[in-house]
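Peer 1: One structure follows; several queries about it will come next.
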Amino acid sequence: MLSLVIPVYRNEASLPDLLAALQDMERTLATQLEIVFVVDGSPDRCYDILRDRLPASGLTATLVLLTRNFGAFAAVRAGLEHARGDLFAVMAADLQEPPELVPRMHSLLSAGAADVVVAERTLRNDPLWQRWQATLFWALYRRYVVPEMPPGGVDIFACNLPFRNALLQLSESRSSLIAQIFWLGFRRASVPYVRQQRRHGESAWTWHKKVAYLADSVFAFTDLPVRLLTRAGMLGMGVAATLALAVVAARFLGQIGVSGYTMTLIAILFFGALNLLSLGIVGTYAWRAYENTKQRPQAVALCVQRFESR
């Protein structure tokens, strides 16, 4: 059985089209299909619509309502935990990723060709401004976090049971589910696709959230800030040594009337700022370590409802 996990947040307008696409998928898919909807504290009527329509949809579905908005990655993890299949896939509720990707990913997994399949964006039918933001974001992600990341990025994937179990064992908070997929290894395959234009509503994936996500990924998967701090410290020592030589030379040449005032002030400001930067970076790592020691669940389900196909 294939379990399809769909996180739902502010997708009220797209749910009728989504349910119709899932019904078509079930008729064409060569295996039993289970849909796991995870309503991630959505403020609209997503939960009410799914609760009312799923019994008559003919779909085998599980509806999970989270107590608040925990974020897309936490919702996907909650869906994987409640899924009952032996193969798993993740799909967005806004239909910007074509539903046809799911059978393609399922085919690769069923053939035993891979343990995890990622959907690789080759083109976006988004406005120019959004395409520019996405290109910059994933370029930075590839440069500083996961070099193996496809240029267009990855949002959805499919995997088998061993990979799902290994992924759920990585329980740290404030991390990146996509980076964890690449960190785990296993046999990986990809399927290309063109991202469709959004037909309903606006994306909740704002630039602010992208920056926060990139920061979480950097601090969780790379020592880049520490390496940058070390290089900045070495550069600072070089600048300080150069200034010291300049001051000594100027003093011997009689070009400084009040000795040491300017250079002392510059040194205090420079190394004071460097000290604050150091404390901020070290404090960030310490805070994340503290968060992980609390072992809080990444999502809390308020209720779980299952609907069997007739």
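Peer 1: Leu33 fails exactly one of the following numbered conditions: (1) buried (at least 21 other Cβ atoms within 10 Å of the Cβ); (2) farther than 27 Å from Leu161 by Cα. What is the number of that condition?
Peer 2: Here Leu33 clears every test but (2).
Peer 1: Right, here's the next one. Hey, any hits in the range 47-60 for a residue that's over 19 Å from the mean Cα position of the chain (by Cα), over 14 Å from Arg306 (Cα atoms), assigned by TED's automatic domain parsing to the domain that holds Glu97 and part of a loop (DSSP other than H, G, I, E, B)?
Peer 2: Residues of the range 47-60 over 19 Å from the mean Cα position of the chain (by Cα): 47-60.
Keeping just the survivors that are over 14 Å from Arg306 (Cα atoms) gives 48-49.
So of that shortlist, the ones also assigned by TED's automatic domain parsing to the domain that holds Glu97 come out as 48-49.
Among the residues that remain, those that are also part of a loop (DSSP other than H, G, I, E, B) are: none.
No: the range 47-60 contains no residue that is over 19 Å from the mean Cα position of the chain (by Cα), over 14 Å from Arg306 (Cα atoms), assigned by TED's automatic domain parsing to the domain that holds Glu97 and part of a loop (DSSP other than H, G, I, E, B).
Peer 1: Within the bounds of the range 279-294, is there any residue that is in contact with a Gly (Cβ under 7 Å, 6 or more places away or on another chain), more than 24 Å from Ser171 (Cβ to Cβ) and either at pLDDT below 75 or not assigned by TED's automatic domain parsing to the domain that holds His82 (or both)? Please lay out each step first, then the result.
Peer 2: Of the range 279-294, the ones in contact with a Gly (Cβ under 7 Å, 6 or more places away or on another chain) are none.
The answer is no, given that none of the residues of the range 279-294 is in contact with a Gly (Cβ under 7 Å, 6 or more places away or on another chain), more than 24 Å from Ser171 (Cβ to Cβ) and either at pLDDT below 75 or not assigned by TED's automatic domain parsing to the domain that holds His82 (or both).
Peer 1: Are any residues in the range 9-32 part of a loop (DSSP other than H, G, I, E, B) and either at positive phi or of a type in the set (S, T, N, Q) (or both), and if so, which ones?
Peer 2: Pass one, the range 9-32, residues part of a loop (DSSP other than H, G, I, E, B): 9-11, 29-32.
Passing the criteria: Arg10, Asn11, Thr31, Gln32.
Peer 1: Name, by its number, the condition in (1) surrounded by fewer than 17 Cβ atoms within 10 Å (Cβ to Cβ); (2) out of contact with any Asp or Glu (no Cβ under 8 Å at 6 or more places or on another chain); (3) at pLDDT 90 or above that does not hold for Pro98.
Peer 2: Among (1) surrounded by fewer than 17 Cβ atoms within 10 Å (Cβ to Cβ); (2) out of contact with any Asp or Glu (no Cβ under 8 Å at 6 or more places or on another chain); (3) at pLDDT 90 or above, the lone unmet condition for Pro98 is (3).
Peer 1: Residues Trp132, Trp138: which one is surrounded by 20 or more Cβ atoms within 10 Å (Cβ to Cβ) and more than 17 Å from Gly79 (Cα to Cα)?
Peer 2: Details: Trp132 fails: surrounded by 20 or more Cβ atoms within 10 Å (Cβ to Cβ).
On inspection, the qualifying residue turns out to be Trp138.
Peer 1: Going by the structure shown, is Phe37 among the aromatic types (Phe, Trp, Tyr), touching a helix residue (DSSP H, G or I) at 6+ places or on another chain (Cβ under 8 Å) and part of a helix (DSSP H, G or I)? Walk me through it before giving the result.
Peer 2: On the way: among the aromatic types (Phe, Trp, Tyr): yes; touching a helix residue (DSSP H, G or I) at 6+ places or on another chain (Cβ under 8 Å): yes; part of a helix (DSSP H, G or I): no.
No, not satisfied.
Peer 1: Tell me the residue from Asp94, Asp86 that is out of contact with any Leu (no Cβ under 7 Å at 6 or more places or on another chain) and among the acidic types (Asp, Glu), please. Working first, answer last.
Peer 2: Numbers: Asp86 fails: out of contact with any Leu (no Cβ under 7 Å at 6 or more places or on another chain).
From the options Asp94, Asp86, the qualifying one is Asp94.
Peer 1: From the list Leu63, Leu80, which one is over 22 Å from the mean Cα position of the chain (by Cα) and modelled with pLDDT of 90 or more?
Peer 2: Details: Leu80 fails: over 22 Å from the mean Cα position of the chain (by Cα).
After applying the criteria, what remains is Leu63.
Peer 1: Also, quick follow-up: Just checking, how many residues over the range 144-168 are modelled with pLDDT of 85 or more and assigned to a helix (DSSP H, G or I)?
Peer 2: Applying the first criterion (modelled with pLDDT of 85 or more) to the range 144-168 yields 156-168.
Retained after the next criterion (residues that are assigned to a helix (DSSP H, G or I)): 161-168.
The number of residues fulfilling the criteria is 8.
Peer 1: Scan the range 250-269 and tell me whether some residue there is of a type outside the set (A, V, I, L, M, F, W, C), at pLDDT 70 or above, out of contact with any helix residue (DSSP H, G or I) (no Cβ under 7 Å at 6 or more places or on another chain) and not in a loop (DSSP other than H, G, I, E, B).
Peer 2: yes
The values are calculated or read from the model by the stated rules, or taken from the named source; none is laboratory data. Here the structure is a predicted model, which means the values were calculated and not measured. Neighbour counts are summed over all protein chains in view; Cβ atoms, including those assigned to glycine, are modelled from backbone coordinates with ideal geometry.
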